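One structure below.
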Amino acid sequence: MNAEYDSLVRAYQGSKLLPFRVYSEIPNHLESLGDLYGRDVLDFACGEGFYTRLIRQSGAARVVGVDMSPEMIVLARQQEQEAPVGIEYLASAAESIPDLGAFDIVSAAYLLNCAPDLTTLADMTRAIARSLVPGGRLVATIGDLGHCGGVDYSPYGMATNATADLAEGAPYEIKFLLDEDTFSITDFNHSQVAYEAACEAAGLEVLGWRSCTVTDEGLRIYGPDFWNTWLAHPCILRLEARKRE
Ligand SMILES: C[S@@+](CC[C@H](N)C(=O)[O-])C[C@H]1O[C@@H](n2cnc3c(N)ncnc32)[C@H](O)[C@@H]1O
């Protein structure tokens, strides 16, 4: 499953500079993570460590990044070697990690939308619950383009073949329209009900969903009109949950 990320590690890194990431996704995910000082944090689907490094730099204590793409982990470790901040990285599917101990917070930016079916989604949420202390929090940023078929996201650097009537679990492609490094990834379409059911079955109490917002800086630089579609048809959701005591 999902070896596609091995071949596009650098291009994916470049996509982190797109305005929707800088002024919406990234501040939104960090806002939901909250105060990380002294917390132990596990970053699932860490990729090359983008959020993992921000988490550590925000004062988190023990920080571990896990990704199933060995190439992503090579790049993450390379960056840790060049500028050590004290992060452990592990190449593994989230759903089959060894016992890494219990964490205060699990960050999962774009993990759950990689589940190709409900069984894998259930395995992922169980692994998340196992990795949390009682009362510990999950912050999951979830790509939801599957529910936004027909909307034109090209001003934000994305295109999708998702149609308006995608079935539960259906795959769809997201193309990142970068000047030099256009590339595509595959996500899977799950409803909010399916995500919630998987969390609840794993012992995670769903605290709520949050939609996209845009920072004042983003509004000032690009103007409010630029963000109209982004805010009217949010294709990134945040799910917050808590491990039951
Ligand atoms: C869209 S990238 C997100 C990377 C990083 N969280 C970020 O936001 O920059 C999705 C990542 O999920 C990883 N991934 C997909 N399925 C996974 C699984 N079952 N377990 C762990 N990682 C997975 C991919 O290898 C890829 O690096």
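Quick note: the coordinates plus some simple rules give every number you see, no bench work behind them. Keep in mind the model is a prediction, meaning the values are calculated, not measured. Here the Cβ is made from the backbone with ideal geometry for all residues, glycine too, and neighbour counts use every protein chain on show.
Side notes on the structure shown:
- In terms of overall dimensions, the C-alpha atoms belonging to segment 3-243 reach 44, 41, 34 Å along their principal axes, ordered largest to smallest.
- Residue 34 sits among other residues whose Cβ lies under 10 Å from its own Cβ, and their net charge, with Lys and Arg +1 and Asp and Glu -1, is -1.
- Derived scalar couplings between HN and Hα for segment 110-120 equal 6, 8, 5, 6, 8, 6, x, 7, 5, 5, 5 Hz in order, rounded to whole Hz, by the Karplus curve 6.51 cos²θ - 1.76 cosθ + 1.60 (θ = phi - 60°), x for Gly and Pro.
- Listed values for segment 201-212 are Karplus-derived 3J(HN,Hα) couplings in whole Hz (6.51 cos²θ - 1.76 cosθ + 1.60, θ = phi - 60°), namely 5, 8, x, 10, 7, 6, 8, x, 10, 10, 9, 6, and x replaces Gly and Pro.
- ³J(HN,Hα), Karplus 6.51/-1.76/1.60, whole Hz, each residue of segment 174-181, x for Gly, Pro: 10, 9, 9, 9, 9, 3, 9, 10
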